[in-house]
Amino acid sequence: QVQLVESGGGLVQAGGSLRLSCTASGRTFSSYAMGWFRQAPGKEREFVAAISWRGGSTDYADSVKGRFTISRDNGKNTMYLQMNSLKPEDTAVYYCAARASISSRGRYEYDYWGQGTQVAVSS
């Protein structure tokens, strides 16, 4: 069992930056691939970024590539999402997720989810 807690969301102006964190409970964090997803009002939850269990492989949605960076610190049981050059269309609730397998873009392939953290970008 893995419990995930996101933090770091907030309100920022367009062009600004935020860093989200996802802290996991348990001692097996390093054996899970991790992902970030987001859900805007009235829209489906969409893939943002994923990282392999060691952090050696990352994947990004085209909409955030070059602006967002996913990383993890297995010693701290924490994953991060550094978000730069934020746009109003990045406004959403951001969720972290864990998968006991290789990283994936598919939201239905993740086993555990956090409660989400709100990110709002003003124009």
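The values are calculated or read from the model by the stated rules, or taken from the named source; none is laboratory data. From a predicted model like this one, the values you see are computed outputs, not experimental measurements. Glycine gets a Cβ as well: all are built from the backbone with ideal geometry, and neighbour counts include every protein chain shown.
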Being modelled with pLDDT of 95 or more and either among the small types (Gly, Ala, Ser) or in contact with a Gly (Cβ under 6 Å, 6 or more places away or on another chain) (or both) narrows ARG72, ARG45, ARG38, ARG67 down to just ARG72
Go through region 1-31 and give me each residue that's within 17 Å of SER103 (Cβ to Cβ) and modelled with pLDDT under 95. VAL2, THR28, PHE29, SER30, SER31
Go through (1) free of Cβ contacts under 8 Å to residues at least 24 places away in the same chain; (2) within 26 Å of LEU11 (Cβ to Cβ) and name the single condition TYR80 misses. (1)
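On the basis of being polar (S, T, N, Q), modelled with pLDDT of 95 or more and touching a Gly at 6+ places or on another chain (Cβ under 8 Å), does SER104 make the cut? Give the steps one after another, and end with the answer.
Details: polar (S, T, N, Q): yes; modelled with pLDDT of 95 or more: no; touching a Gly at 6+ places or on another chain (Cβ under 8 Å): yes.
In short, no.
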Here are some conditions: (1) surrounded by 16 or more Cβ atoms within 10 Å (Cβ to Cβ); (2) under 16 Å from TYR95 (Cα atoms); (3) over 12 Å from the mean Cα position of the chain (by Cα); (4) not aromatic (Phe, Trp, Tyr). VAL12 meets all but one. Which one does it not meet? (2)
Matching residues in region 68-116 (outside any strand (DSSP E or B), in contact with a helix residue (DSSP H, G or I) (Cβ under 7 Å, 6 or more places away or on another chain) and crowded, with 18+ Cβ neighbours inside 10 Å) number 1
Of all strands (runs of 3 or more DSSP E) fully inside region 3-67, the set with 3 or more residues that are over 15 Å from ASP111 (Cβ atoms), touching a strand residue (DSSP E or B) at 6+ places or on another chain (Cβ under 7 Å) and not aromatic (Phe, Trp, Tyr) is 4-7, 10-13, 18-24, 46-51
